[in-house]
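Asks: Starting off with a structure, shown below.
The values are calculated or read from the model by the stated rules, or taken from the named source; none is laboratory data. All figures in this text were calculated on a predicted structure; none of them were measured in a lab. Neighbour counts run over all protein chains shown; Cβ positions are idealised from the backbone, glycine included. SASA here: full protein model, heavy atoms, side chains in, ligands and nucleic acids out. Shrake-Rupley method; radii C 1.70, N 1.55, O 1.52, S 1.80 Å.
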Amino acid sequence: MQNFSTFEEIDLFREICALEENLILASENLLYHNIVLYAYNLAKKFSAFYNNVNILNEENENKKLLRLKLIQKYIETQKLIFEVLAIILPTKM
């Protein structure tokens with residue numbers, strides 16, 4: 001986390017890291033709607049990150065790669081959430 005330089009990066013990273021905890025709490029307490037709320041909050045944090053952080057035009061290659069990896073982890077996390085919820089993602093819009 002020390003390599004992140006913006007609040008939005010840190011906030012998104014923390015939310016991604018909270019996946020396991022959210023899944024465990026939802027299953028232990030049979031509150032599956034909390035998984036949907038987690039996905040929604042994760043999407044909001046990604047939107048804030050994407051709107052406020054320079055990604056592809058970043059001059060520092062290390063920062064650019066870190067941000068692209070963060071985006072990849074976001075995609076993987078959302079795909080996993082959709083699998084848990086048995087929601088089939090469209091292949092194209």
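Asks: How much length, in nm to one decimal, is gained on full extension between A43 and L89, taken as 0.36 nm per residue of separation minus their Cα-Cα distance?
Replies: Between A43 and L89, full extension yields 15.0 nm more.
Asks: Which order do F7, F49 take by accessible area at a 1.4 Å probe, largest first?
Replies: Largest accessible area first, the list is F7, F49.
Asks: So, in nm, how far is label K73 from label S5 when the simple model puts each one 7 Å beyond its Cα toward the Cβ?
Replies: 1.8 nm
Asks: I've got another one for you. When only DSSP loop residues count, what GluC sites (Glu not before Pro) in the chain have their Cβ near at most 14 other Cβ atoms within 10 Å?
Replies: Passing sites in the chain are E59.
Asks: Among M93, A26, I55, flag the residue with its Cα farthest along the positive direction of the charge dipole of the chain, charges on Cβ as +1 for Lys/Arg and -1 for Asp/Glu.
Replies: Working it through, the farthest residue towards the positive pole turns out to be M93.
Asks: Right, another one. With a 1.4 Å probe and all protein chains kept in place, how do Y32, Y50 rank by accessible area, largest first?
Replies: Final ranking, largest accessible area leading: Y50, Y32.
Asks: Taking amide H atoms as placed 1.01 Å from N in the peptide plane, list the residues 5 or more away in sequence, or in a different chain, whose amide H sits under 5 Å from that of S5.
Replies: none
Asks: Can you give the alpha-carbon Rg of the chain over 2.2 N^0.38 Å, where N counts its residues?
Replies: 1.17
Asks: Report ³J(HN,Hα) in whole Hz for each residue of the stretch 47-59, in order, from the Karplus equation J = 6.51 cos²θ - 1.76 cosθ + 1.60 where θ = phi - 60°; Gly and Pro get x.
Replies: Per residue, the Karplus-derived 3J(HN,Hα) values read 4, 5, 4, 5, 6, 10, 10, 6, 10, 6, 8, 5, 6 Hz.
Asks: Run the accessible area of the chain with a 1.4 Å probe and give the carbon-and-sulfur part as a rounded percent.
Replies: 56 percent
Asks: Would you mind getting the accessible area per residue of the chain, heavy atoms of the protein chains only, 1.4 Å probe, in Å²?
Replies: With the other protein chains kept in place, the chain gives 72 Å² per residue.
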